[in-house]
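To start, the structure under review is shown below, and the notes come after it.
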Ligand SMILES: Nc1ncnc2c1ncn2[C@@H]1O[C@H](COP(=O)(O)OP(=O)(O)OP(=O)(O)O)[C@@H](O)[C@H]1O
Ligand SMILES: [Mg+2]
């Protein structure tokens, strides 16, 4: 079975592009292809004028591309701050020169600052992520992406488990990230949230891109019709 067919997506610099569509439309699959988790059977990915070969998620991160996966992809047995720095631990120069050792104090401080910026109450900064609430876990994943992204952030349902205040904070942060010149691809089932936050909205249905709108020019009814197939492909 094909999860995606002929999807053509362009992400401009410093724009928020929302991907919407019903369950199973292919949104997460598209993000996994673009962030290097899945390799596509065909098609091309271009990034800053260069064609990318198959990318590992690590290589994508090296290019400044960060992802908040729908399943969050956190290391359950590690603390929130360890998750924030997973794979990019800060080293303190040790007596042996470059070898060094993990600068836990600095990482904990930086993580605390990030959580504060996000308005996240993280009372148990040393506890394993497995013991956090759903909202707190989501906040850890969002914070990690925001900490490291320099070009693009893919966010697959970043607010699904968040309360009203945290959701507003994350949406504000997404706009601030965009204003700082980083592109954001936002997947959400919450259409008011999408209309409020995105610059452009791309609609996927059954693995195809069926419509594309400037967020300012579309409303919930038209989006819903595109998502359910009631709208013709005239807008694609
Ligand atoms: N590697 C793969 N190869 C082929 N099909 C896949 C692959 N991975 C997922 N699929 C299928 O592709 C379809 C789209 O799944 P995807 O997770 O992208 O949907 P989604 O739009 O993110 O939905 P949701 O809103 O429920 O998260 C599903 O039917 C899924 O079973
Ligand atoms: Mg999904």
Considering only region 72-95, I want to know if a residue exists there that is touching a strand residue (DSSP E or B) at 6+ places or on another chain (Cβ under 8 Å), closer than 25 Å to residue 196 by Cα and within 16 Å of ligand 2 (Cβ to nearest atom). no
If we keep only residues of region 160-188 that are modelled with pLDDT under 90 and within 16 Å of ligand 2 (Cβ to nearest atom), then the residue surrounded by the fewest Cβ atoms within 10 Å (Cβ to Cβ) is 160
All but one of (1) touching a strand residue (DSSP E or B) at 6+ places or on another chain (Cβ under 7 Å); (2) crowded, with 16+ Cβ neighbours inside 10 Å hold for residue 60, so report the exception by its number. (1)
Within region 125-159, considering residues that are assigned to a loop (DSSP other than H, G, I, E, B) and without any contact (Cβ under 8 Å) to a residue 40 or more places away in the chain, the one farthest from ligand 2 (Cβ to nearest atom): 133
Can you tell me which residue in region 108-124 is farthest from the chain's Cα centre (by Cα), limited to those that are outside any helix (DSSP H, G or I) and surrounded by 16 or more Cβ atoms within 10 Å (Cβ to Cβ)? 122
For region 183-232, how many residues meet the condition of being touching a strand residue (DSSP E or B) at 6+ places or on another chain (Cβ under 7 Å) and part of a strand (DSSP E or B)? 16
In region 1-69, which strands (runs of 3 or more DSSP E) lie fully inside it and hold 2 or more residues that are away from ligand 1 (no atom under 15 Å from the Cβ) and more than 24 Å from residue 198 (Cα to Cα)? 50-52
Within region 189-236, which residues are on the phi > 0 side of the Ramachandran plot and more than 15 Å from ligand 2 (Cβ to nearest atom)? 229
Would you be able to tell me the number of residues in region 126-136 that are surrounded by fewer than 13 Cβ atoms within 10 Å (Cβ to Cβ) and at pLDDT below 85? 3
Identify, by number, the condition in (1) within 21 Å of residue 72 (Cβ to Cβ); (2) within 14 Å of ligand 1 (Cβ to nearest atom) that residue 191 doesn't meet. (1)
The lone exception for residue 21 - which of (1) more than 16 Å from ligand 2 (Cβ to nearest atom); (2) surrounded by 17 or more Cβ atoms within 10 Å (Cβ to Cβ); (3) more than 16 Å from the chain's Cα centre (by Cα) it fails: (1)
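The values are calculated or read from the model by the stated rules, or taken from the named source; none is laboratory data. Every value quoted in this text rests on a predicted model; they were computed, and no experiment measured them. Note: ideal-geometry Cβ built from the backbone for every residue, glycine included; neighbour counts use all protein chains shown.
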